[in-house]
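Working notes, structure below.
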Amino acid sequence: MELDLNAKRGFGRLRLATAVPLAALEALEVAVGGRRLTLQPLGGSSLHGLRALLGAAGFSISEEEAAGGGWRATLTTKADDDRADVALTDAEAAPSRKAAREAVARKALAAWSGGDASSNGGDSDRTTDEEKEAAGDDLKLALNLIDCPGHLDFNSEVTAALRNSDAAILVVDVVEGVTVQTKRVLQQAVAEGLRIVLVLNKVDRLFLELKLKAPESATRVLEVLHQVNALLREPVSLADGSALLASGYFGWGTSVPALLRKFVAEDASVEGADAALARMLAGLRNAERHRAVESPVLARGAMRALTRLHRAAAAQQLAELDAFFGAEARAFLNQHREAAADETKYKKVFRECMKREMPAAEALLDMVLRHCPSPREAQATRLGSLLSNSNSSWAAQHVAAAREDGPLLVYFSKFVPLPGSGGGGNGGKPKLAALGRVFSGIVRHG
């Protein structure tokens, strides 16, 4: 047996010298570096089979730690039908989040399709992608970010970027709230048909600069959230992680569910009303049901945790920081305890600890993966804004499916002269770099 792992991508490929029954493979677990890996047959993803079964309606999956260890998952369909939610019990807990998602998808397929839960539903394109990912054959997750300043002077840059995007990450100063320019940009994004997710930045200012108490900070967070949702077609939520809390100054970012699950595990008294918070945490496994009512309990619990954490750092209460931080952040704190105990130097140490404990990049990536559509999904829903005649245009079917074998259709939104490439007073023509989005076909060199 030969095991080939790709730690960065999070998958591996197992080669067997002799034939092994499929059932034996599905029951086999491999222990690597203290972690348990569950095998999945190549191309046998139940998640892809479920996508083929439900089509455009889609579904959502939330995970939580099981009482006896491992992970449970709950699957909710977004289709307008009578399908009930499907959930894993504690006895069915999986060893990892990914395994739990696959297990609950397999259970849902068996309940809803009446057929083989391991079937991929005939979605040959998706199976091919899954096979490539499992084998590590040139399939990459590419996330292209276009950073657009929100100032009015750069409105043309925002307009150009929106047409080339599938989703928009809106960053709002939680102290200033939604400004006139924020409304203008949001209206443009909504008109373009983009899925919008939210980052509430500068949260640390609420309790370090404005000296607000946790309930007051929570009220402010919810006010800004409601201001944003009033301008959106599809609201964002603290409960399902489509809205993040962040501090650019201290370098951290987190979803509220992730923060509460961690902090309550460390300190059950953080909310004060333990039972109420416990019930809300249990309800997070099905965030869709809680989206309609953005509970103040969630916001208060999150803000109380963050307030205590930042004020403990400001007061150099290192014991309380030790209790909250994980191994990596705690190790850094221990290496720099002298500076952390200095009123003039603690911010730098605390910033590095928070970058390790709640890295903004990981929270942002997780939000994008969970709530932002792929190009294929986005283009199908944005035809009306992309094409003037989306119903009968010859290009519509190719754009909607993001067809690689279709005609080459590229939208160029910006041209930038390359430095030193000519132009100016020497009479030569400058070379231009083009920012464009390929909606169908493939661009090749030459």
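The values are calculated or read from the model by the stated rules, or taken from the named source; none is laboratory data. Because the structure is predicted, anything quoted here is derived from the model rather than measured. Note that each Cβ is placed from the backbone with ideal geometry, even for glycine, and that neighbours are counted across all protein chains shown. These accessible areas exclude ligands, DNA and RNA; they are computed on the full protein's heavy atoms, side chains included. Shrake-Rupley method; radii C 1.70, N 1.55, O 1.52, S 1.80 Å.
Look at (1) at pLDDT below 85; (2) open to solvent by 80 Å² or more (accessible area, probe 1.4 Å) and you find that PHE412 fails only one, number (1). Please work out if LYS347 is more than 24 Å from the chain's Cα centre (by Cα) and open to solvent by 70 Å² or more (accessible area, probe 1.4 Å). Spelling it out, LYS347 is indeed more than 24 Å from the chain's Cα centre (by Cα) and open to solvent by 70 Å² or more (accessible area, probe 1.4 Å). Applying the condition of being at pLDDT 90 or above and part of a loop (DSSP other than H, G, I, E, B) to region 191-213 and asking which residue is least open to solvent (accessible area, probe 1.4 Å) yields VAL203.
Put simply, of ALA265, ALA243, ALA218 the only residue that is at pLDDT below 90 and closer than 27 Å to GLU64 by Cα is ALA265. Candidates in region 155-179 are the residues that are modelled with pLDDT of 90 or more and over 22 Å from the mean Cα position of the chain (by Cα); of these, the one that is most open to solvent (accessible area, probe 1.4 Å) is GLU176. Just to be sure before I move on: is ARG220 touching a residue at least 12 places away in the same chain (Cβ under 8 Å), farther than 30 Å from ARG163 by Cα and open to solvent by 40 Å² or more (accessible area, probe 1.4 Å) in the structure I sent? Judged against the criteria, ARG220 is a match. For region 354-397, a tally of residues being open to solvent by less than 50 Å² (accessible area, probe 1.4 Å) and modelled with pLDDT under 80 returns 8. Number of residues in region 300-324 that are modelled with pLDDT under 85 and closer than 14 Å to PRO257 by Cβ: the value is 1.
Among residues of region 180-190 being surrounded by 19 or more Cβ atoms within 10 Å (Cβ to Cβ) and over 21 Å from the mean Cα position of the chain (by Cα), the one that is farthest from THR254 (Cα to Cα) is VAL185.
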